[in-house]
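The values are calculated or read from the model by the stated rules, or taken from the named source; none is laboratory data. Everything numeric in this text was worked out from a predicted model, so none of it was measured. Here the Cβ positions follow ideal geometry from the backbone for every residue, glycine too, while neighbour counts run over all protein chains shown.
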Amino acid sequence: MRNGIETYDGQAGASPAVCTGRLAPGFPRASAAVARVLALVFLMAGLSTCGEAAPVEPLKLGLLTYISAGTPQNAQDRQRAFELAITHLNQAGGVFGQPVETAVADTALDPDTAVAEARRLIDDEGVHALVGPSTSANALPVAEKVSGPARVPLISPSATSPTLTDAEDDDFFFRATLSDLAQGPVLARIARQRGFENVGVIYRNDLWGRGLASAFEGAWDGSVRSVASEPGQTSFADALRESAAGGAQALIVILFQTEAIAAVREALDQDVYDRFVLGDALKNTELIEAIGADALAGTYGAGTAVQADSESSAAWMAAWLDTYGEPPKGSYVREVYDATIALALAAQAANSTDGVAIRDRLRSIGVEPGQPVVAGPEGVARALETLAESGEVIYQGASGTLAWNADGDLAQGHVGIWRFKADGQIEDMEAVPYPS
């Protein structure tokens, strides 16, 4: 817009502001009033309005994740998954036949920072949809204070708190992983299968920790004593003794990585616990690298999982290895990829960068009817081609089926049972279907 007048390239069809309320790349958004005036001008001029013409501006996706804080393995692999998805989209010709653009922001595991960075991505960077945030404590305020009011779709790959089901997000918040209402019973199952009847629980006193601890307790039929720890806590001696006071045989650890390393080390050094069951945030090798395989080999945990015979997961892994040379070590990596692809496919299906239009197509790209397509470069290319020709697809994600319910939660999926091995690596033992 120059001197209050929108520039236009003369292509057939209405101006992008008429269709989406946004101008060509590099220009600010058109207000609703301006868009209505422009629509009337084009109508009076006898020009077509919003229809088959592709949007003038390219799709721009944002990644909102922790980078400077949190688990380095997770941070690196989740950024790589986002970049891999963008590579596959653009190798296939992009969305609307244009390369997908990106912007990345660091939440630093802080809700206030997450909110500020989400606003920056939307208002300054001009992203049309967001992947993230990674944690429940960051996802809730971003969904309710930023993406919902801005009418920008948001898919978290790893925010699992049950509280998010009822977020006041105006139906713009989705997640590419199951709620902890699914994981809690699997943690309880692991503890029972390991022969424990009395356990202690230490959980992070935030939205995620409280939710998972509650889901575990609701499914646990033995004795339990749960103790909260504050985010960033560095000493756990008192909490460990309190959780073990009832004769606990093992400790359920629902903490982030740095906190878990400190808590497990103290538990072993002070001879309070020597057996543990781990929550999903600890499904990476940093804990066993810090503590040692002699102490933690054979320790089990719950976390994200895919079916062993998943064609889509296999295709994705082949593409990952071709790009990065070794498997990912972090958690919720496939989910980042799937969230990115889902937003792009929804935009292509809607033929629009408008947030409402993208949101309204999200629930259709992973379920019948349509042509089944898998993750990876070939599947993504086939999906984009089909959608560009006004067809429909069933995107079978690298992490599983993307079948969202009315709350933006996944209606089905798998929770994994895994364990640390003597060589310090992780072995996936079982993928428990949900609902079972």
Query raised in the report: Can you spot a residue in the stretch 274-287 that is more than 24 Å from residue 203 (Cβ to Cβ) and either crowded, with 24+ Cβ neighbours inside 10 Å or among the hydrophobic types (A, V, I, L, M, F, W, C) (or both)?
Result: no
Report summary line: Across (1) over 30 Å from residue 351 (Cα atoms); (2) more than 20 Å from the chain's Cα centre (by Cα), residue 415 clears everything bar (2)
Query raised in the report: residue 222: farther than 22 Å from residue 70 by Cβ, modelled with pLDDT of 95 or more, touching a helix residue (DSSP H, G or I) at 6+ places or on another chain (Cβ under 7 Å) and not basic (Lys, Arg), yes or no?
Result: no
Report task. Filter the stretch 385-401 down to residues that are assigned to a helix (DSSP H, G or I) and touching a strand residue (DSSP E or B) at 6+ places or on another chain (Cβ under 7 Å) and give me whichever is surrounded by the most Cβ atoms within 10 Å (Cβ to Cβ). Result -> 387
Report summary line: When residue 92 is run through (1) within 17 Å of residue 129 (Cα to Cα); (2) more than 15 Å from the chain's Cα centre (by Cα); (3) surrounded by 18 or more Cβ atoms within 10 Å (Cβ to Cβ); (4) of a type in the set (A, V, I, L, M), the failure sits at (1)
Query raised in the report: Any chance the stretch 91-98 includes a residue that's touching a strand residue (DSSP E or B) at 6+ places or on another chain (Cβ under 7 Å) and in the same structural domain as residue 316 (by TED's automatic domain parsing)?
Result: no
Query raised in the report: Taking the condition under 26 Å from residue 178 (Cα atoms) and crowded, with 24+ Cβ neighbours inside 10 Å, does residue 70 pass?
Result: no
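On the basis of being of a type outside the set (A, V, I, L, M, F, W, C), at pLDDT 95 or above, under 27 Å from residue 373 (Cβ atoms) and not in a loop (DSSP other than H, G, I, E, B), does residue 62 make the cut?
yes
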**Report entry** Pick from the stretch 208-241, criterion among the small types (Gly, Ala, Ser) and either free of Cβ contacts under 8 Å to residues at least 12 places away in the same chain or in a strand (DSSP E or B) (or both), ranking: surrounded by the fewest Cβ atoms within 10 Å (Cβ to Cβ)
**Finding:** 223
